[in-house]
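To keep things clear, I will list the structure first and then write my remarks on it.
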Amino acid sequence: QVQLVESGGGLVQPGGSLRLSCAASGIIFNMHTMGWYRQAPGKQRELVADITSGGNTNYADSVKGRFIISRDNAKNTVYLQMNSLKPGDTAVYYCNAFWRSVSYWGQGTQVTVSS
């Protein structure tokens, strides 16, 4: 059974930082591209960042220079370090695992940026 469990969300003030984690089980983790997506109320889900099995990273323009994605294959975990957070970053953040046209999703974790 595949499970992607996100943690680390919460309420933070503008300019603050959060670190999201996604622990995966039931997949060959080191073969998967791992990604973070987000969905704000009334908007479509969008890619925030992803990291390939080889460690190549890709970021949405809106988060470049502020967010860092990383992975620890020994722990089957992917991280998203979010710095200089803005109110526009408020959304539910979802972890995604993708390999050979098969995609898995976590349940999501809420990130709220507000003073």
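Nothing in this text is a laboratory measurement; each read-out follows from the coordinates by a stated rule. Note that the structure is predicted; figures quoted are calculated from it, not measured. No Cβ is skipped: glycine too gets one built from the backbone with ideal geometry, and neighbour counts run over all protein chains shown.
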Next item on the list: Give me the net charge of LEU20's neighbourhood, meaning all other residues with Cβ under 13 Å from the Cβ of LEU20; Lys, Arg count +1, Asp, Glu -1.
Entry: +1
Next item on the list: Note the full-extension length gain between ASP72 and SER53 as 0.36 nm times their separation in residues minus their Cα-Cα distance, in nm to one decimal.
Entry: 5.8 nm
Check: Under 25 Å from the Cα of LYS75, which lysines turn up, not counting those fewer than eight places away in the same chain?
Finding: none
Next item on the list: Quote the relative contact order of the chain in percent (integer), defining contacts as alpha-carbon pairs under 8 Å separated by 6+ residues.
Entry: 36
Check: Using the Karplus equation 6.51 cos²θ - 1.76 cosθ + 1.60 (θ = phi - 60°), what ³J(HN,Hα) coupling, rounded to whole Hz, does each residue of the range 22-30 give in order, writing x for Gly and Pro?
Finding: 9, 9, 10, 8, x, 10, 7, 4, 6
Item checked: Stretch in the chain that is longest and holds no trypsin sites (Lys or Arg not before Pro) that DSSP places in a loop and that have at most 12 other beta carbons within 10 Å -> 1-42
Notebook entry, point to check: If Lys and Arg each add +1 and Asp and Glu each add -1, what is the summed charge of the other residues whose beta carbon sits under 9 Å from the beta carbon of VAL111?
Noted result: 0
Notebook entry, point to check: Regarding the chain, what are the three Cα extents along the principal axes, ordered largest first, in Å?
Noted result: 40, 25, 23
Margin query: Under 19 Å between alpha carbons, and skipping anything fewer than 8 positions from LYS43 in its own chain: which aspartates and glutamates qualify?
Written below: ASP61, ASP89
Item checked: Extension gain, PHE98 back to ASP61 (0.36 nm per residue minus Cα-Cα distance, nm) -> 11.2 nm
